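Laboratory data are not the source of any read-out in this text; all were calculated from the coordinates shown. What you see is a predicted model; the values in this text were computed from it and never measured. Cβ sites come from the backbone with ideal geometry, for glycine too, and all protein chains shown count toward neighbours.
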Amino acid sequence: MTERLPEDSNAPAHEASAAPEGSATRYGRRALMLGAAAGGAGIAASLVAGAAPAEAENGKPILLGMANSATATTAVTTTKGTGVEGTTSHGGRSGLAGIDTSPGGGHGTYGRSTNGVGAYGQTSGYLQAGVYGNDVSSDGGYGVQGNSLEGDGVYGQTAAYQHSGVYGNDASTDGGYGVQGSSANGTGVQGTTKHEALSGVAGIDHSSAGGYGVKGVSDNGTGVYGSSSAGTGVEGTTTTDGASGTAGIDISAGGGHGSYGRSTNGTGAYGQTVGKGQSGVEGLDASTGGGFGVYGSSENGGIGVQGTSEAGVGVSAASTSGAALQVNGVARFSRSGSAIVAGTASNTAKSVTITGVALSASSLIFATAQDHVAGVGVAGVVLDSVANSFTVYLTKPVGISLTIAWFVIG
């Protein structure tokens, strides 16, 4: 059975420690409480269970306001409340300090919990940190490091508007990383959101010369990857004139893709603008040997490039010194075709009317006979823009079926 300490022992701690050598020394409850408080006030003591050979300093009470030393573990155990608590009102000091001076490196402070949090920090100071880590090593270490076997290495959470669960700031003069993530077999950095208008990962560049809001680098895979089950995988915005919301640059020797888009059931690359006189998609060829500003191809009988407009020009071609439009192969036009002047030997005919063609009062219609009949040609064309039809007249009636080809411009 553990021997109880005398309740009436009021001797000062330094007097109680001066018992003759070899005597059975007893310390009052007050002395032990003062010793525990001194340990919480900043005296470094190992919290890892262990034992060492007893020496003269071991077994003495901890003295307030003095340096204390021992060669064994000082342990404080309680069944209620806090095991060790330290408080200071001195600015820039610590309520509790742990210092590791071992040559191989240990832990300045060590916290362990069976079912809770190993180390917990809290602050009510504006722009202060609940937990703060500072690396002052000459060759670079970690301000804060977290490791996990089955969960998250570092977890951060915030309920404040426009603040971060985890925030990283690079203040180096030559440039480092505010936040860096790396993975041997998984994802270096992943962000998710459930808000309909916010981003899983957001990067903002405030540099005067221009930097990267988000930068991803890969030796053999994808530099930056984003996916979404209901929204946009990766989105970029800019407020600078002449800059890009998202930029892709290919610097490979053999040539790759500055920007690549692929879709299983939709559009591979889509561009949209609401700026007057601007382009939904614009391509610029700056090569010295000449290339393609915009290039489109189709492998299975589709359309290489298509342009449509509800009220304007579907595709516009212009050139100041070359060909505005070049066609290699068959050219097809929806407002072109052929019609037959159906004449016979007994019932000659000299005109044919074509209907169902979109026309305006300024439409130009070209028509020509597709066979040679002596003395017969196209005399003229009369259009009816209201009825979307026009009639081709011959110079004289024909007693055969004569094909007339026609083409509408404007």
Residues satisfying the stated conditions in the stretch 347-370, i.e. surrounded by fewer than 17 Cβ atoms within 10 Å (Cβ to Cβ), farther than 14 Å from Thr395 by Cα and over 55 Å from the mean Cα position of the chain (by Cα): Asn347, Thr353, Thr355, Phe366, Gln370
Matching residues, the stretch 284-321, being surrounded by 10 or more Cβ atoms within 10 Å (Cβ to Cβ), touching a Gly at 6+ places or on another chain (Cβ under 9 Å), closer than 25 Å to Asp250 by Cβ and small (Gly, Ala, Ser): Gly296, Ser298
Contacts under 9 angstrom Cβ, first residue in the stretch 121-132 being more than 19 Å from Glu85 (Cβ to Cβ), partner of a type in the set (A, V, I, L, M, F, W, C), 6 or more apart: Tyr132/Val144
Single match in Val274, Val305 (criterion: β-branched (Val, Ile, Thr), out of contact with any helix residue (DSSP H, G or I) (no Cβ under 8 Å at 6 or more places or on another chain) and under 30 Å from Ser208 (Cα atoms)): Val274
Failed condition for Tyr161, given (1) more than 18 Å from the chain's Cα centre (by Cα); (2) more than 23 Å from Thr239 (Cβ to Cβ); (3) of a type in the set (Ser, Thr, Tyr): (2)
